[in-house]
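The values are calculated or read from the model by the stated rules, or taken from the named source; none is laboratory data. Owing to the predicted nature of the structure, the values given are computational and were not obtained by experimental measurement. Cβ placement follows ideal geometry from the backbone for every residue including glycine, while neighbour counts extend to all protein chains displayed. Keep in mind that these areas ignore ligands, DNA and RNA; they rest on the heavy atoms of the full protein, side chains included. Shrake-Rupley method; radii C 1.70, N 1.55, O 1.52, S 1.80 Å.
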Amino acid sequence: LPKAIETDYPDTIDRYRWFGKFFLDGQICLKLEKFKPVLLCSSNSMVKSWANLMKRTEMLLNALVDLTREFIFRNSKKTYSGIPIIASNMDTVGTFEMACQLAKLKIFTTIHKHYTVEQWKTFATTNPEVLQNVAVSCGMTEADFKKLREIIAEIPKIEYICVDVANGYSEHFVEFVRLVRKEFPDKTIFAGNVVTCEMVEELLLSGADIVKVGIGPGSVCTTRMKTGVGYPQLSCVLECSDAAHGLGGHIVSDGGCTNSGDVAKAFGAGADFVMLGGMLAGHDESGTGEIIERNGRKYKLFYGMSSKTAMDKHSGGVAEYRASEGKTVEVPYRGNVSSTAQDILGGVRSCCTYVGASKLKELSRRTTFIRVSQQLNEVFT
Ligand code: 5GP
């Protein structure tokens with residue numbers, strides 16, 4: 001330790017040791033600036049994000065961070081431009097009303113599969129500008145496929161199809177994705193859900209453009225408890241994004257985000273898109289009818305697509321959707337979804353600022369994950 005630091009700035013010594021403990025690699029040096037140590041350098045591995053963090057935050061402003069991304073999809077060859085956050089195709093989230101609000105912010109919506117062809121036609125006629133930011137969803141039954149054909153025949157401007165099933169690992173599902181690709185060669189196809197590299201690759205090679213990854217992380221999902229099946233979502237995104245990008249494909253991290261910090265982590269881990277259910281529930285646009293009032297507080301119903309509530313509502317039509325039941329919960333009513341969405345974007349922008357990414361595209365390259373046993377100071381909770 002330089003003599004001057006030891007004698008003149010004793011308070012700094014601890015910090016020096018603290019940095020030293022984690023990152024000391026012979027390249028770190030301290031510059032004393034008003035008694036605060038500042039990490040000055042290192043082009044080296046772990047130190048990088050800290051160095052970036054401390055240098056770049058002076059230059060970057062949240063408002064200037066660009067969250068839009070542009071993609072060219074592997075199989076459809078179509079281009080995308082927008083903020084790659086997606087409202088889930090749950091009937092409490094992926095509604096036409098949600099799509100109209102979110103499209104104003106360039107956010108995408110996978111519309112749930114329970115709208116009729118007539119409802120789709122009305123939506124498309126009244127909101128033609130929103131169509132580029134929505135996907136039509138379908139399962140893999142005959143009836144689903146027939147309806148998908150009808151909807152696209154009526155509204156050829158729909159560019160995205162989301163094929164969503166309980167078990168993305170069945171051979172039948174892979175066949176189905178091939179069938180959809182053959183029938184709609186120029187549409188961009190989401191397919192899922194899976195959680196492992198080989199299956200991501202198989203789906204991309206079978207015609208999917210964007211693979212939906214995540215089994216069991218959802219806020220109203222009970223799969224892990226009921227069946228013991230699942231995969232840690234962060235590992236899933238780290239591994240699957242790598243596999244997909246190797247083939248020129250893309251992934252959506254689906255489920256498990258509880259706040260904007262989680263969304264930022266999913267992007268940081270390599271997700272091209274992040275899909276949200278619970279975070280967008282409880283709003284005016286969230287469907288499921290009435291606001292529930294109890295003890296002066298307002299709530300809205302939110303449920304998994306294979307919960308009893310969903311099955312009752314769609315008369316058994318969703319029984320095959322997920323391998324297990326989902327939960328039904330009441331979430332606090334939060335008014336218009338725009339302010340929630342803005343808040344999420346604000347959090348992700350701020351994350352980019354912290355790590356020195358001027359664009360969302362740079363975030364994964366600027367991310368270093370550190371395993372922690374506790375994330376928050378819970379002294380006042
Ligand atoms: P969230 O953002 O609420 O954590 O997760 C949303 C995701 O949970 C959805 O996009 C979907 O993949 C998944 N999901 C929705 N409903 C159910 C359900 O009933 N069971 C299971 N296992 N997953 C569900």
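Based on this model, can you work out whether Asp343 counts as among the acidic types (Asp, Glu) and assigned to a helix (DSSP H, G or I)?
Values: among the acidic types (Asp, Glu): yes; assigned to a helix (DSSP H, G or I): yes.
Yes.
In summary, strands (runs of 3 or more DSSP E) completely within the range 18-135 and bearing 2 or more residues that are surrounded by 17 or more Cβ atoms within 10 Å (Cβ to Cβ) and at pLDDT 95 or above occur at 69-72, 79-87, 107-111. Of the residues making up the range 170-187, not a single one is within 26 Å of Cys257 (Cα to Cα) and buried (at least 16 other Cβ atoms within 10 Å of the Cβ). The one condition from (1) of a type outside the set (Lys, Arg); (2) more than 15 Å from the ligand (Cβ to nearest atom); (3) touching a helix residue (DSSP H, G or I) at 6+ places or on another chain (Cβ under 8 Å) that Gly255 does not meet is (2). Considering the range 278-304, and only residues there that are open to solvent by 30 Å² or more (accessible area, probe 1.4 Å) and among the small types (Gly, Ala, Ser), the residue that is farthest from the ligand (Cβ to nearest atom) turns out to be Gly296. Number of residues in the range 140-161 that are surrounded by 18 or more Cβ atoms within 10 Å (Cβ to Cβ) and farther than 15 Å from Trp120 by Cα: the value is 1. Here His250 meets each of (1) touching a helix residue (DSSP H, G or I) at 6+ places or on another chain (Cβ under 7 Å); (2) within 16 Å of the ligand (Cβ to nearest atom); (3) under 19 Å from Thr109 (Cα atoms) with one exception, condition (2). Here the condition is being polar (S, T, N, Q) and modelled with pLDDT of 95 or more; of Ser235, Ser206, it holds for Ser206 alone.
Looking at the range 189-277, the helices (runs of 4 or more DSSP H) lying wholly inside it that each contain 1 or more residues that are buried (at least 24 other Cβ atoms within 10 Å of the Cβ) and in contact (Cβ under 8 Å) with a residue 24 or more places away in the chain sit at 197-205, 233-246, 260-268.
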